Structure formats: C-alpha cells, structure tokens
C-alpha cells in the first residue's frame with residue numbers, strides 16, 4: 001500500500017510557493033485549507049480530490065499525483081475568481097518546487113473548471129494539477 005507522504009509533501013510545497021508570492025497574499029489567499037472554516041474570508045483556496053499512483057509496476061517511485069485546487073470567491077460574477085485562477089496558474093504551471101523527502105520532477109496545470117454555487121452567490125474554479133515526484 002502506498003503511503004500518502006508524496007501527497008502531503010506536494011501540498012506543502014505548493015502552499016509554500018503560493019504563500020511566497022506577495023501579489024497572491026495581497027489578493028487574500030493566505031492559506032490553502034483542507035476544509036475551510038465557516039468564517040473563512042473570501043477569496044480562499046481548498047484542497048480538492050487527489051489521486052496518486054506509482055508509475056512503475058512495483059509501486060515504487062516515481063509517483064504521478066493528480067490534485068485539484070479549488071478557489072472560492074464571493075464576488076459578483078466570475079471575473080474576480082478567473083483573474084485569481086490565472087495568477088495561480090502562472091505561479092504553479094511548470095513551477096520548480098522543493099519537496100520534503102521526495103525529488104520533484106514536474107508540475108503542470110492540466111485543466112480548469114468554473115462553477116457557480118449556492119444559487120450564484122459563490123464562484124469557484126477547480127484547477128487540476130498533475131505532478132510527478134520520485
């Protein structure tokens with residue numbers, strides 16, 4: 001059975017990358033939550049679904065990880081959240097990360113999806129990430 005440590009290491013590295021960018025913290029994204037607290041200020045980000053698998057038959061490294069990062073906004077319309085997702089896309093796509101306990105190989109943003117929630121009161125963007133770690 002595969003350990004979840006490559007996922008945790010990847011999430012930590014992505015969080016460090018996002019926190020290190022002043023323009024992002026000035027947009028309000030200070031932390032990526034596993035589950036946002038009820039009183040979390042918008043905009044914020046949450047970790048979404050994740051899939052990890054070994055890229056070899058013996059379940060050893062390298063690992064391929066598909067991680068969803070969900071951005072949330074309470075601003076009217078989707079422009080605000082789309083601009084924020086574009087910024088995060090540029091920070092993460094092909095970024096060079098440092099992972100604790102693993103060698104980082106690559107990170108790509110492979111897709112995005114915009115949705116409205118709660119009768120249009122919330123907008124969200126799901127960024128789909130693909131990482132390879134050894």
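The values are calculated or read from the model by the stated rules, or taken from the named source; none is laboratory data. Since the model is a prediction, treat every value here as computed from it, not as a measurement. Heads up, the Cβs are rebuilt from the backbone with ideal geometry, glycines too, and the neighbour counts pull from every protein chain shown.
Would you say residue 109 is touching a strand residue (DSSP E or B) at 6+ places or on another chain (Cβ under 6 Å), modelled with pLDDT of 95 or more and over 23 Å from residue 24 (Cα atoms)? Taking the combined requirement at face value, the residue does not satisfy it. Looking at residue 87, is it over 16 Å from residue 70 (Cβ atoms), touching a residue at least 24 places away in the same chain (Cβ under 8 Å), touching a helix residue (DSSP H, G or I) at 6+ places or on another chain (Cβ under 9 Å) and surrounded by 12 or more Cβ atoms within 10 Å (Cβ to Cβ)? No, not satisfied.
Identify the single condition in (1) out of contact with any helix residue (DSSP H, G or I) (no Cβ under 6 Å at 6 or more places or on another chain); (2) surrounded by fewer than 16 Cβ atoms within 10 Å (Cβ to Cβ) that residue 100 does not satisfy, given that it satisfies every other one. Exception for residue 100: condition (1).
Restricting attention to the range 111-130, the residues that are within 17 Å of residue 84 (Cα to Cα) and touching a residue at least 40 places away in the same chain (Cβ under 8 Å) add up to 8.
Of the residues making up the range 103-134, those that are surrounded by fewer than 14 Cβ atoms within 10 Å (Cβ to Cβ) and within 16 Å of residue 12 (Cβ to Cβ) number 1.
Return the residues of the range 1-30 that are in a loop (DSSP other than H, G, I, E, B), touching a helix residue (DSSP H, G or I) at 6+ places or on another chain (Cβ under 7 Å) and either under 21 Å from residue 51 (Cβ atoms) or at pLDDT 75 or above (or both); say none if nothing qualifies. Selection gives 21 alone.
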